[in-house]
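The values are calculated or read from the model by the stated rules, or taken from the named source; none is laboratory data. Since we're looking at a predicted model, the values are computed, not measured. Cβ: placed from backbone, ideal geometry, glycine included. Neighbour counts: every protein chain shown.
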Amino acid sequence: MHLYITYFLALFIGLALGLTGGGGSILTVPVLVYVAKIEPVIATAYSLFIVGFTSLVGAGSYVKKGLVNIRMSFIFAVPAFITVWLMRKFVIHAMPDVLFNLGGFVLTKDLFLMLFFALIMLISGFKMVYGEAKDNSLVGNETNYPLVLLSGITVGILSGLVGAGGGFLIVPALVFFMYLPMNKAVGTSLLVIAINSLIGFTGDWLNIPQIDWNFLLIFSLIASIGVFLGVYINRFVDNQKLKKVFGYFVFIMAIVIVIEELVL
């Protein structure tokens, strides 16, 4: 039964991604861990594939509208996907099962990953609720390559740790450091997320004994259907209000994760 619930929630994740233009993928890891009962390290790896697959589908709709800057996406993606690949290949699976034991409190690798993920959810939710999208693009300004490099590495570290896309960091970086207009920044961000996540996932191949490709492909396909539904429904709703409502939901989910990990 929990497998069918997982697939239903995959549709919801895709729907949220299509409706809000990003952020829906932040729910992938909690669904995989608490509903599908997959251990956190493997869940973050699976999330990279799912997020990459669905983001690629979403980016396709923006490409058709001419709202993706292919050149800028690859410039940003290179430092990001190198970092996320290194994180997945050499760091995550090399971390000890117990990070430290202090006064009876044991911080395991799984606990650290879930608490860090909850922190990322809180930041992402805050951006959705309180962050106003401002188009700060200035025609003629040169790309700030040092800050693009730093942003890409930061996104790669976060994506490598928690298996999330990091769109809440990528979109501002594309606007402020690469001077893309907001409508192109969102579409370009989806392509960056797709590249980072799918390449990052390859870093897990040799470290995970058996990847459940059947589950991954079904989940990703259902989520992709949700993306198409979300993009269609988005024409008839207030995007900003919807994003704030979803942001509050992400807040609540982050608190639930903390309670689940530290109290229950």
- Task: Tell me, please, whether a residue that is more than 30 Å from residue 259 (Cα to Cα), over 13 Å from the mean Cα position of the chain (by Cα), modelled with pLDDT under 90 and assigned to a helix (DSSP H, G or I) can be found in the stretch 163-172.
- Result: yes
- Could you list all residues from the stretch 32-51 that are in contact with a Ser or Thr (Cβ under 8 Å, 6 or more places away or on another chain), surrounded by fewer than 23 Cβ atoms within 10 Å (Cβ to Cβ) and not in a loop (DSSP other than H, G, I, E, B)? 35
- Message: When the residues of the stretch 70-105 are narrowed to those that are small (Gly, Ala, Ser) and either closer than 30 Å to residue 186 by Cβ or in a helix (DSSP H, G or I) (or both), which ends up modelled with the lowest pLDDT?
- Response: 94
- Is it the case that some residue within the stretch 213-222 is aromatic (Phe, Trp, Tyr) and under 18 Å from residue 8 (Cβ atoms)? yes
- Query: Going by the structure shown, is residue 196 touching a residue at least 40 places away in the same chain (Cβ under 8 Å) and either outside any helix (DSSP H, G or I) or over 23 Å from residue 93 (Cα atoms) (or both)?
  - Reply: no
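This table checks each residue for (1) of a type outside the set (A, V, I, L, M, F, W, C); (2) touching a residue at least 60 places away in the same chain (Cβ under 8 Å).
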{"site": "180", "(1), (2)": "no, yes"}
{"site": "202", "(1), (2)": "yes, yes"}
{"site": "214", "(1), (2)": "yes, no"}
{"site": "217", "(1), (2)": "no, no"}
{"site": "222", "(1), (2)": "no, yes"}
{"site": "225", "(1), (2)": "no, yes"}
{"site": "251", "(1), (2)": "no, yes"}
- Item | Residue satisfying condition, being closer than 19 Å to residue 162 by Cα and in contact (Cβ under 8 Å) with a residue 12 or more places away in the chain, within set 18, 14 | 14
- Flagged in the stretch 217-264 as among the acidic types (Asp, Glu), part of a helix (DSSP H, G or I) and either modelled with pLDDT under 85 or surrounded by fewer than 16 Cβ atoms within 10 Å (Cβ to Cβ) (or both), in numbering order, are 260
- Query: Regarding residue 18, is this residue part of a helix (DSSP H, G or I), small (Gly, Ala, Ser) and closer than 18 Å to residue 168 by Cα?
  - Reply: yes
- assigned to a loop (DSSP other than H, G, I, E, B), among the hydroxyl-bearing types (Ser, Thr, Tyr) and surrounded by fewer than 21 Cβ atoms within 10 Å (Cβ to Cβ) - does that describe any residue in the stretch 141-148? yes
- Number of the condition not met by residue 67 [criteria: (1) within 25 Å of residue 203 (Cβ to Cβ); (2) crowded, with 16+ Cβ neighbours inside 10 Å]: (1)
- Item | Meets criteria (in contact with a helix residue (DSSP H, G or I) (Cβ under 6 Å, 6 or more places away or on another chain) and within 15 Å of residue 14 (Cα to Cα)) for residue 190 | yes
- Would you point out which residue out of 168, 201 is surrounded by 22 or more Cβ atoms within 10 Å (Cβ to Cβ), closer than 24 Å to residue 89 by Cβ and of a type in the set (Phe, Trp, Tyr)? 201
